[in-house]
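The values are calculated or read from the model by the stated rules, or taken from the named source; none is laboratory data. Quantities reported herein were computed from a predicted structural model and do not represent experimental measurements. Cβ: placed from backbone, ideal geometry, glycine included. Neighbour counts: every protein chain shown. Quick note on the areas: whole protein, heavy atoms, side chains included, nothing else; ligands and nucleic acids left out. Shrake-Rupley method; radii C 1.70, N 1.55, O 1.52, S 1.80 Å.
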Amino acid sequence: MSWGTELWDQFDNLEKHTQWGIEVLEKYIKFVKERTEIEIGYAKQLRNLSKKYQTKKNSKEEEESKYTSCKAFQTTLNEMNDYAGQHEVISENMTSQITAELTRFVQELKQERKSHFHEGRKAQQHIETCWKQLEASKRRFERDCKEAERAQQYFERMDADINVTKADVEKARQQAQIRHQMSDDSKGEYSSVLQKFNREQNDHYYTHIPGIFQKLQDMEERRIGRMSDSLKTYAEIDRQVVPIIGKCLDGITKSAESINGKQDSQMVIESFKSGFEPPGDVDFEDFTQSMKRTVSDNSLTNTKADGKSDAKVPSKSRGKLWPFIKKNKLSLKLCFGFHQGATPEDFSNLPPEQRRKKLQQKVDELNKDIQKEIDQRDALTKMKDVYTKNPQMGDAASVGQKLAEIGHNIEKLRFEVQKFEGWLAEVEGRLPVRNDNSRRQSGLYETQNTTTANNCAQDRESSPDGSYTEDQSQETEVKVTPTEFDDDFDDEEPLPTIGTCKALYPFSGENEGTISVAEGEVLNVIEEDKGDGWTRIRRNEDEEGYVPTSYIEVYLDRNAKGAMTYI
């Protein structure tokens, strides 16, 4: 079936149909463009979302990322970033393979369509011109025939009239002959024009128009075929990224399967284990000793005892036996790893297990640094040999100076390793304590392990006369310079408020020296975090305690005394 034969008289309808076909193609191009914009926007939103939840460097989140659940979440974020990249690929491929190609194709179609219809209009104009020529020739022939007939009738009347002269009759005869000749000429011309028109009309409807319409049909079928190919490409572009998206999703599934609750629980133990033993039983304090004394004893000794008791009786501010009196605060800081000032080089401020981990980590870092220096030394040694054999390539003396510096660095690092390994051996119990000084440095928590940690709840002991005295054995073993803790432990006057805080999570405060808080509760801050992870707060005038810094959101007063910075 051909447009040229079946639709020979539908020129206008074909013109409208082909225009509609191009508009359909342009509509499809617009659809693809909007799809690419959606893909780009979606990819951008996915990347921003992934970036928003990425672990920030040098933050607490980076330290927490060691857990398998956190690693799986980070893997998911990375996979989503790759997932977003595939949507960008979809947008780029659709732009280059569909939008750009079809835009050029539509321009070509418009030019081709314009050319074909221009040719068709010329053919129509030509056949219309031929038809007009035929009509003109026909009218002229008809007119000449009528005039010849009238001239013949006039001649016959003149010839039959006896009153007309012979000259007039001859003139009428000649005029009739002229008209008959003109009629014959018009007839011949008309016949010639008619034959020509018939040929032109035959060529027009059987050759020119069918050819033009066939070209338009081919153009339309090519447009439809291109539309079909483009739709296949549209689907194929999506299909190409499906395996990669599947790999991203497989990566997320694999990361989810890698989550190990037992392993994370063990890492929690390794992160927070102090190495202390739990507190022992609280000793019974017998207050009946003073009741067993005789009356004669009370006459003199009670006076001394009373005097001694008065000296030891806590003031009104200490009558409540707060857990933050000097000894309890010292025990709390030792039990929970509080420290003042900079971290000691041997990490003696940390609990035994945490100290062992820090020392082992330091030893590993130093060994890595030593290996780097050794590798650099070996490379420079080879370079020195080359320079010695070929002086034109470089100065061997300069390399020798650098080798000497590296050797000095290696010796220094090895000395550091030996020092930290010695402290590590002390913690692990592989080496004996060398002297009193090292005992005081590394044995602080060893003493706490046998004394303070086992007696966190027993802060005072009873004397025979009923008065309270500080535990002298603990004061002897725990060597604490008075000036180091005087400011921290002086409870004669309440500490000033340096800001406020809001509890983000509930905290039970079961350990001695801590305080329970409810989620959303607002309290006063009286001592900020010293780097040990605990903040001292006050609920009212007589309720104070420590809470984990990570459980609260702190708002320090810049003008308050002791407030350093905003957290």
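Kindly evaluate P243 against the criterion of being within 30 Å of the chain's Cα centre (by Cα) and either open to solvent by less than 80 Å² (accessible area, probe 1.4 Å) or farther than 17 Å from E6 by Cα (or both). Yes: the conditions hold for P243.
With respect to the conditions (1) hydrophobic (A, V, I, L, M, F, W, C); (2) surrounded by 17 or more Cβ atoms within 10 Å (Cβ to Cβ); (3) out of contact with any Lys or Arg (no Cβ under 9 Å at 6 or more places or on another chain), I162 lacks only one, and its number is (2). If you filter region 1-38 down to residues that are free of Cβ contacts under 8 Å to residues at least 40 places away in the same chain and among the basic types (K, R), you find that the one that is nearest to S96 (Cα to Cα) is K30. Here is the figure for region 33-44: residues that are open to solvent by 80 Å² or more (accessible area, probe 1.4 Å) and under 16 Å from E79 (Cβ atoms) total 1. Among the residues of this structure, Y190 does not count as one that is closer than 27 Å to D12 by Cα, in contact with a Ser or Thr (Cβ under 9 Å, 6 or more places away or on another chain) and either of a type outside the set (G, A, S) or not in a helix (DSSP H, G or I) (or both). Of the listed requirements (1) of a type in the set (A, V, I, L, M); (2) surrounded by 14 or more Cβ atoms within 10 Å (Cβ to Cβ); (3) under 19 Å from I38 (Cβ atoms), A100 misses just one: (2). Scanning region 168-208 for residues that are surrounded by 17 or more Cβ atoms within 10 Å (Cβ to Cβ) and touching a residue at least 60 places away in the same chain (Cβ under 8 Å) yields V193, F197, E200, H204, H208.
Summed over region 45-69, the residues that are under 30 Å from L102 (Cβ atoms) and open to solvent by 90 Å² or more (accessible area, probe 1.4 Å) give a count of 1.
Table: residues versus (1) touching a Cys at 6+ places or on another chain (Cβ under 7 Å); (2) more than 30 Å from G429 (Cβ to Cβ); (3) of a type in the set (D, E, K, R); (4) surrounded by fewer than 15 Cβ atoms within 10 Å (Cβ to Cβ).
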{"residue": "L350", "(1), (2), (3), (4)": "no, no, no, no"}
{"residue": "R355", "(1), (2), (3), (4)": "no, no, yes, no"}
{"residue": "Q360", "(1), (2), (3), (4)": "no, no, no, no"}
{"residue": "I370", "(1), (2), (3), (4)": "no, no, no, no"}
{"residue": "Q376", "(1), (2), (3), (4)": "no, yes, no, no"}
{"residue": "V386", "(1), (2), (3), (4)": "no, yes, no, yes"}
{"residue": "N390", "(1), (2), (3), (4)": "no, yes, no, yes"}
{"residue": "G394", "(1), (2), (3), (4)": "no, yes, no, yes"}
{"residue": "E405", "(1), (2), (3), (4)": "no, yes, yes, yes"}
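Strands (runs of 3 or more DSSP E) fully within region 509-560 that include at least 3 residues being touching a Lys or Arg at 6+ places or on another chain (Cβ under 6 Å) and surrounded by 13 or more Cβ atoms within 10 Å (Cβ to Cβ): 522-527. Exactly one condition in (1) open to solvent by less than 50 Å² (accessible area, probe 1.4 Å); (2) more than 25 Å from D238 (Cβ to Cβ); (3) not charged (D, E, K, R) is not met by T76; state its number. With (1) open to solvent by less than 50 Å² (accessible area, probe 1.4 Å); (2) more than 25 Å from D238 (Cβ to Cβ); (3) not charged (D, E, K, R) applied to T76, the lone miss is (2). Checking each residue in region 1-22 for being under 60 Å from the mean Cα position of the chain (by Cα) and open to solvent by 90 Å² or more (accessible area, probe 1.4 Å) picks out M1, D12, K16, W20. For region 201-216, a tally of residues being of a type in the set (V, I, T) and within 14 Å of Q125 (Cβ to Cβ) returns 2. Only one of these is among the polar types (S, T, N, Q) and either closer than 30 Å to Q201 by Cα or within 60 Å of the chain's Cα centre (by Cα) (or both): Q152, Q125. Name it. Only one candidate qualifies: Q125. For region 299-313, state whether one or more residues are at pLDDT below 50 and outside any helix (DSSP H, G or I). Scanning region 299-313, I find at least one residue that is at pLDDT below 50 and outside any helix (DSSP H, G or I), so the answer is yes.
Of these, S192, S183, which one is touching a Cys at 6+ places or on another chain (Cβ under 6 Å) and within 30 Å of K138 (Cα to Cα)?
Answer to the selection: S183.
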